[in-house]
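Worksheet: one structure, shown below.
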Amino acid sequence: MKEMYENIAASLLSCLLFAGCCTSSECCTKVKDDPVYVLCRFDLKQGRDQDYVKAVNTIVEQVRAEKGCRFYTLVGDADTDMKGQQRFGTDVLWMIECWDDLDSLKAHLKAPHMKAFAPTARSIRHTGTFHVLKERK
């Protein structure tokens, strides 16, 4: 299970790195070149995935407007016909983030909208994981 989780995390990060983790065409020219990546897994209470999506949608634009936010998106299983695709199911969602630096991430976690969001998020999910990662060069 640990190996599968690590493979998923590596794949998600590869997508971010390949995409440049930018949400706009000019962001990469304005920021430092040593970003911090965040990968969070949310194991939700059964059948609460749409509630979680709605809750995240109330803060997503505020987060994306924060200083240092390059990328912030909630993802779940894609509906494909690809053989071998591992699915987590509708009760597992992931947040993929990219920040200019650790200070930007720390400020994000203390932002008023995040503090207000936390009780709602906790009420919808069973558990979650929080990983802060750096590109390996």
Do we have any residue at all in the range 41-57 that's modelled with pLDDT of 95 or more, closer than 20 Å to HIS131 by Cβ and in a helix (DSSP H, G or I)? yes
Kindly evaluate ARG87 against the criterion of being charged (D, E, K, R) and assigned to a loop (DSSP other than H, G, I, E, B). yes
Got at least one residue in the range 63-78 being aromatic (Phe, Trp, Tyr), closer than 25 Å to THR127 by Cβ and assigned to a helix (DSSP H, G or I)? no
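Looking at ARG48, ARG70, which is the one that is of a type in the set (Lys, Arg) and under 20 Å from ALA116 (Cα atoms)?
So the residue among ARG48, ARG70 that is of a type in the set (Lys, Arg) and under 20 Å from ALA116 (Cα atoms) is ARG48.
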Consider the range 96-132. How many of its residues are buried (at least 17 other Cβ atoms within 10 Å of the Cβ) and outside any helix (DSSP H, G or I)? 6
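The values are calculated or read from the model by the stated rules, or taken from the named source; none is laboratory data. Note that the structure is a prediction, hence the values are computed from the model and not measured. Note: ideal-geometry Cβ built from the backbone for every residue, glycine included; neighbour counts use all protein chains shown.
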